[in-house]
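Notes follow the structure.
All of the numbers you see were taken from the coordinates with simple rules; none came from a lab. The structure presented is a predicted model; accordingly, all values stated were derived computationally and were not measured. So basically every Cβ, Gly included, is an ideal-geometry build from the backbone, and we count neighbours across all protein chains shown.
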Amino acid sequence: MRNDMTLTVGPLRAEPGRKTRGVIPVDLGLTTVEIPLVLVNGSRPGPRVVITGGVHGGEFVGIDAATRLAGFLEPDDVTGQVVICPVANPPAVYDGRLGKSPLDDVNINRVFPGDPAGGPTERLAAWLFEHVISGADAYADLHSGGIDETLLDFVGYRLTSDAELDARTRAMAHAVGHERVLFGRNAEGGNSHAAAARQGIPAILIETGQLGERDPAQARALLDGLYRLLHHLGVIDAPQHVAPVTAQPRDWVWTGSVVSPATGLWYPDAATGDEVTAGQPVGRVIDPADGSEHKVTATATGQILYGMNGLTVAPGAELAAIAVPHD
């Protein structure tokens, strides 16, 4: 519990009962970027919750919802502290508009907790992890289907060797209100929520929206989910204006991923939301030079939760991700 503590991130400070907005310059070696932050230090002591959006470019719903939340939350409504970073990766968001940074062609959500002596994206990940994510009592990272990606909304989290931590994280994931809750069987890898879980922080990934949409209804749905999450964590009272949950959350588990075998043009025969079986044809990659065709089959049985909508693909590009309910 935070008790009458000043909330500080870099040079930004918010005394108890105050809200501070600003930007912090972060040296990435090749360049300096400005990270926007909103610090809401509640009038009553409680947990510190960190919310990030804009880890990837081209995923607008999370940025929109985080910005709206930052505008709505006021210290008198908050028990504890809320740190909101609506654009965590400015180079990818503003210049690249894709998952990889134009500075070094690195996906930041593969290199957390980062390296302060590494390349630009590794340095950015290290700064975010040290100054924003570390020390949180709960963490939510907001994503959506990018410009080339269809997606069914879901919440993700990682299992660890700590049963109590896993139970708290699962409860957070269910509190958002999305129908599908995907869990990873370990906390390995460079995702921000996985790195946070390894540090003992209850951390979730929230995926809402697809195709780089900026649909206000999707942003409102995610905002409602964030209100539910903050209420679950004891940070705000039960909000009266949040839409009711239409389907009870259910645990799912990933079963397989389909990747492109070649450079070419992708023609899917199965869509996001479809049920597929292992070995079933799901599309073709065609070489535009000679017309040769590479047949693509499902690597597992289950439902396609997100898929490639773009026409052009390179070897290893993820074409579909498959999951099943875990009962």
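Listing for the model above:
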read-out	value
Exposed trypsin sites (Lys or Arg not before Pro) absent: longest stretch of the chain, with sites in DSSP loops and at most 13 other Cβ within 10 Å deemed exposed	1-184
Fraction of alpha-carbon pairs over 25 Å apart in region 1-121 - percent	29
For region 7-248, the Rg and Dmax computed from alpha carbons only, in angstrom	16.4, 48
Scaled radius of gyration (Cα, divided by 2.2 N^0.38 Å) that region 253-325 gives	1.03
Residue 149 long-range amide H proximity, modeled H, under 5 Å	211, 212, 309
Alpha-carbon centroid distance for the pair region 126-152 / region 222-290, whole angstrom	16
Fraction of beta bridges assigned by DSSP in the chain that are antiparallel (%, nearest 5)	65
